[in-house]
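Shown next, in structure tokens, is the structure this report addresses.
The values are calculated or read from the model by the stated rules, or taken from the named source; none is laboratory data. What you see is a predicted model; the values in this text were computed from it and never measured. Cβ: placed from backbone, ideal geometry, glycine included. Neighbour counts: every protein chain shown.
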Amino acid sequence: MCSLSSKAPPMDGSIMGASMIQGLQPLAIAKTIICLFSEPAPPPSPPAPRTPPHSASKTELLRLISINNSSYCEKARWALDIAQEDPTSPYYYYEDVHPPAFHCIFSLKATENAQSRTPIVVFESNTEQPPILNSGDIVRAFCPQLYPPAVADAIVGLEQDLGQRLGSTTRCIYFFHMLLRSDGDKQYYPLITQMCCGSNAIMTIERILFDTMLDKGVDQGIFDCLHLTTAGNEAAEQELRRVMQELSEYVVLRGLHETGHWMDTPESKYGFTAADLIVATYVGNMCGDIEALRGLGSCAFMGPKEDDLPPTLQQLRKEMQVLPVAAYARRIYQGHRPVGPDGRIVVCPARKGLNPLREYFWSITTVVAFTAAVLVGVSMRRRK
């Protein structure tokens, strides 16, 4: 596969440092408010062990720190769901899920200020075990069976390539089309809130604060973190079409839109591997037609109807949805993604809101206080 254009956005955005959540910084104020209106949820009860043979008690609790609308976090979530369902695995987990920017309040604390980006897995039952800090390592750590030795290196190479050329491009394309308007109109800002805060696992107070902060600095933070530019978006869309076409040609060659798995060959059948998980996650996140993701608020499912999206984004999604690799991704999700009784992904939240009535009646006060704090901060900076 060809390399990504230097104009395209990077896979890893700018690192958010500890200073962002200290002093009178807006995120530090948000951190204080979030802590006032929420607390860690009680650890979930371990799932009941499966019947023997080859069953193990669930003894190792994990916490997944994630961003709601991240395909990288969905990769990690999928792997942990597989591990949780595996009768031989001791692991079960809950998810510390947040909108962008607010995630760093929790990721920096978990990593002793070493890393802000997500996903991160924290070992709650073994505090001496260091966290696992990226999606590829998480999949390999908890689903080693998805990397058959004969093709493990090829799967890792595919993962690194698509994480850059498909994961990052999709993320930036969505944000570009909803944030950057030449006329300065903020028509699609409510959709961004739905995209970033769509999951029921995100607390009401975070949703309120994100919506309030979006046009007061969070939008600029996203611009800077993802290096959003018109030239970068053009390069990203070109790369998206190129990669999706490459993947579709592979799907047609192998007949994968109907049956089979990514690493299978006429000589060797490997079944479902991390390659299937990786391709399906990134493709599904772009195409937006994976039923299991509804309610998660990922890029694929932002809550509103298709017609509510920016016209250019609508057209791009429709173009991608009819490709053979999109049919393959839908089939893999349907056949291999652990879901709840309603056919959708289940999120067990790691935080809960405090006193819903108090949160409701004080929400307006919170918004006003935060807005005032931001305006004061901006005013003080202008005087320097």
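Just to be sure before I move on: is T51 modelled with pLDDT under 95, farther than 29 Å from Q334 by Cβ and more than 18 Å from the chain's Cα centre (by Cα) in the structure I sent?
On the way: modelled with pLDDT under 95: yes; farther than 29 Å from Q334 by Cβ: no; more than 18 Å from the chain's Cα centre (by Cα): yes.
When the stated conditions are applied, T51 does not pass them.
Restricting segment 147-158 to residues that are in contact with a helix residue (DSSP H, G or I) (Cβ under 6 Å, 6 or more places away or on another chain) and surrounded by fewer than 23 Cβ atoms within 10 Å (Cβ to Cβ), the residue that is farthest from Y270 (Cα to Cα) is L158. Inspect all residues belonging to segment 337-355 and state whether any of them is assigned to a helix (DSSP H, G or I), modelled with pLDDT under 90, out of contact with any Gly (no Cβ under 8 Å at 6 or more places or on another chain) and farther than 30 Å from C287 by Cβ. The answer is no; no qualifying residue exists. Check whether at least one residue in segment 75-87 is assigned to a strand (DSSP E or B) and of a type in the set (G, A, S), and report yes or no. Within segment 75-87, not a single residue is assigned to a strand (DSSP E or B) and of a type in the set (G, A, S).
Taking the conditions (1) more than 21 Å from the chain's Cα centre (by Cα); (2) of a type in the set (K, R); (3) at pLDDT 90 or above in turn, R207 satisfies each one other than (1). From the list T229, T193, the lone residue that is surrounded by fewer than 23 Cβ atoms within 10 Å (Cβ to Cβ), of a type in the set (V, I, T), modelled with pLDDT under 90 and under 26 Å from N134 (Cβ atoms) is T229. The helices (runs of 4 or more DSSP H) found wholly in segment 153-215 and carrying at least 1 residues that are over 30 Å from A141 (Cα atoms), in the same structural domain as M263 (by TED's automatic domain parsing) and in contact (Cβ under 8 Å) with a residue 40 or more places away in the chain occupy 168-179. Set side by side, the residues D264, D276, D308 differ, and just one is surrounded by fewer than 23 Cβ atoms within 10 Å (Cβ to Cβ) and modelled with pLDDT of 95 or more, which is D264. Restricting L253, L277 to those that are in contact (Cβ under 8 Å) with a residue 40 or more places away in the chain and either of a type in the set (V, I, T) or assigned to a helix (DSSP H, G or I) (or both) reduces the list to L277. What pairs come out if I take residues in segment 85-98 that are over 18 Å from V346 (Cα atoms) and pair them with residues that are basic (K, R) whose C-beta lies under 7 Å away, six or more apart or interchain? Final answer for the pair search is P87/R50; P90/K58.
Under the condition of being part of a helix (DSSP H, G or I) and touching a strand residue (DSSP E or B) at 6+ places or on another chain (Cβ under 9 Å), which residue from segment 120-139 is surrounded by the most Cβ atoms within 10 Å (Cβ to Cβ)? So the residue we want is I138. Checked against the criteria, N285 counts as assigned to a helix (DSSP H, G or I) and under 21 Å from R330 (Cα atoms).
What about I82, is it touching a helix residue (DSSP H, G or I) at 6+ places or on another chain (Cβ under 7 Å) and among the aliphatic types (A, V, I, L, M)? Talk me through it step by step, then tell me what you get.
On the way: touching a helix residue (DSSP H, G or I) at 6+ places or on another chain (Cβ under 7 Å): no; among the aliphatic types (A, V, I, L, M): yes.
Criteria not met by I82.
Residue selection: A292 satisfies the criterion of being closer than 23 Å to R140 by Cβ, of a type in the set (G, A, S) and either at pLDDT below 90 or not in a loop (DSSP other than H, G, I, E, B) (or both). Pairs are defined by a Cβ separation below 9 Å, a sequence spacing of at least 6 or placement on different chains, a first member in segment 125-145 that is outside the structural domain of A114 (by TED's automatic domain parsing), and a second member that is among the aromatic types (F, W, Y) and in a loop (DSSP other than H, G, I, E, B); no pair meets this definition.
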